[in-house]
Amino acid sequence: MAHLPTPGGHRRRAVLGTLGLAAIATPLGLSQGLANAGAIPADDAGVLAPTLVWNPNIAAEGVRIFEGIEEDRANSHPGFDHIVGQGEEIWFYMHRRDRDTTGGGDRQRHETKGMRAGTTTLRPRDGETWRIRYEMFMPSTLHGTSKFTHIFQLKTPETNGGPWITLSLSRSGSSERMRLRAFSTSGSPDVGSTNLAPLRDKWITVDMTFRIGSSGTARFVVRNGTGDGAPVVVDSSRSGVRIPDEGDYVRPKWGIYRSVESASSDIIDTNLRLRRMQAWRGV
């Protein structure tokens, strides 16, 4: 299967202009979702009442499952639709030529932001525990880089605070790793990391749990495959992680956001695919 479409294969569609409209309501399937969720760690008080609050029907709603998108804001690749719903998957296309408006032309960004359940925007706030789980496909063309490549972020919209957390693909020499980083915590420590190479060209499961707050917690679980029987390649936690809502809320972002100042051999045409996206909220 080709990882990228033929030129002109996707054109910007009217659906991108409908993000502010009411999304198609989707049953949450709470009982089934929790039955398949696996264990959810308790919060600091040892009490967590998880509720499945985001279980979108991607095939029906496409990119309307998100609060919005940030796609080719510099108009560097006009007419091409870089973020699309394809069946039960969300696809992010990134090309060498693409640029974002920030950073003076030194970076690329095609990201979705936020979570919408029907017409409701979900807003993680201080004191809440959120678990976010999804399946992800990274082709061999999506490289770790010596500068930054983020494929998930947590930020605060009103203040543009953060990123508090990033899921990053990094390179040191020939070694590439996938790292969940407490990016705005002192020292930007890893919550957990794993070798990137074995995770490409297949569906894997990303499972993250966050206690929102100025001194929160984070847990990072990755399965090399899908389903509860897939092998766990990392399961790490960290406390004292800075994830504040700053009087607003914390918003997740997905996609490809990377510097073009890494080696040119790593800044090539690529894509990222997501499916089976879910989120639970506990207090």
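The values are calculated or read from the model by the stated rules, or taken from the named source; none is laboratory data. Treat the numbers as computed from the prediction; the structure is a model and nothing was measured. Cβ sites come from the backbone with ideal geometry, for glycine too, and all protein chains shown count toward neighbours.
Test THR166 against the criterion of being at pLDDT 95 or above, touching a Phe, Trp or Tyr at 6+ places or on another chain (Cβ under 7 Å), closer than 22 Å to THR205 by Cβ and surrounded by 16 or more Cβ atoms within 10 Å (Cβ to Cβ), and give yes or no.
So THR166 passes the test.
Only residues in the stretch 176-189 that are surrounded by 20 or more Cβ atoms within 10 Å (Cβ to Cβ) count as the first member; pair them with residues that are part of a loop (DSSP other than H, G, I, E, B) and of a type in the set (S, T, N, Q), Cβ under 9 angstrom, at least 6 apart or cross-chain, and list the lot.
Close Cβ pairs (under 9 Å, with a partner that is part of a loop (DSSP other than H, G, I, E, B) and of a type in the set (S, T, N, Q)) amount to ARG181/SER188; ALA182/SER188.
Taking the condition of being exposed (fewer than 14 other Cβ atoms within 10 Å of the Cβ), hydroxyl-bearing (Ser, Thr, Tyr) and either closer than 19 Å to PRO139 by Cα or touching a helix residue (DSSP H, G or I) at 6+ places or on another chain (Cβ under 7 Å) (or both), how many residues in the stretch 228-271 meet it?
Summing the residues that are exposed (fewer than 14 other Cβ atoms within 10 Å of the Cβ), hydroxyl-bearing (Ser, Thr, Tyr) and either closer than 19 Å to PRO139 by Cα or touching a helix residue (DSSP H, G or I) at 6+ places or on another chain (Cβ under 7 Å) (or both) in the stretch 228-271 gives 2.
With the condition kept exactly as written, say whether any residue in the stretch 149-162 is farther than 22 Å from THR102 by Cα, modelled with pLDDT of 95 or more and crowded, with 18+ Cβ neighbours inside 10 Å.
No.
Here's a check for you: in the stretch 164-184, which residue that is in a strand (DSSP E or B) and small (Gly, Ala, Ser) is farthest from THR194 (Cα to Cα)?
Filtering first and then ranking leaves SER172.
Considering only residues that are touching a Phe, Trp or Tyr at 6+ places or on another chain (Cβ under 6 Å) and closer than 19 Å to ASP201 by Cβ, which ones fall in the stretch 235-275?
Hits for the stretch 235-275 are ILE256, ASN271, LEU272, ARG273, LEU274.
Return the residues of the stretch 54-76 that are buried (at least 20 other Cβ atoms within 10 Å of the Cβ) and more than 17 Å from the chain's Cα centre (by Cα); say none if nothing qualifies.
ASP72
For the structure I just gave you, tell me whether ASP98 is at pLDDT 95 or above, touching an Asp or Glu at 6+ places or on another chain (Cβ under 7 Å), surrounded by 13 or more Cβ atoms within 10 Å (Cβ to Cβ) and not aromatic (Phe, Trp, Tyr).
Taking the combined requirement at face value, the residue satisfies it.
Exactly one of (1) over 14 Å from the mean Cα position of the chain (by Cα); (2) over 15 Å from ILE132 (Cβ atoms) is unmet by LEU169. Its number?
Going through the list (1) over 14 Å from the mean Cα position of the chain (by Cα); (2) over 15 Å from ILE132 (Cβ atoms), LEU169 breaks only (1).
Considering only residues of the stretch 115-161 that are touching a residue at least 24 places away in the same chain (Cβ under 8 Å) and at positive phi, which is farthest from the chain's Cα centre (by Cα)?
Here the answer is GLY127.
Scan the stretch 246-282 residue by residue and report those that are in contact with a Ser or Thr (Cβ under 7 Å, 6 or more places away or on another chain) and either at pLDDT below 95 or closer than 14 Å to VAL63 by Cα (or both).
Answer for the stretch 246-282, where residues must be in contact with a Ser or Thr (Cβ under 7 Å, 6 or more places away or on another chain) and either at pLDDT below 95 or closer than 14 Å to VAL63 by Cα (or both): LYS253, TRP254, GLY255, GLY282.
Out of the stretch 190-232, which residues are in contact (Cβ under 8 Å) with a residue 40 or more places away in the chain and touching a Pro at 6+ places or on another chain (Cβ under 8 Å)?
ARG200, ASP201, THR209, PHE210, ILE212, GLY213, SER214, ARG219
Residues of the stretch 250-283 being in a strand (DSSP E or B) and hydrophobic (A, V, I, L, M, F, W, C), which ones?
TRP254, ILE256, LEU272, LEU274, MET277, ALA279, TRP280
Scan the stretch 193-249 for residues that are in a strand (DSSP E or B) and on the phi > 0 side of the Ramachandran plot and jot them down.
Listed by number, the residues that qualify are GLY213, GLY240.
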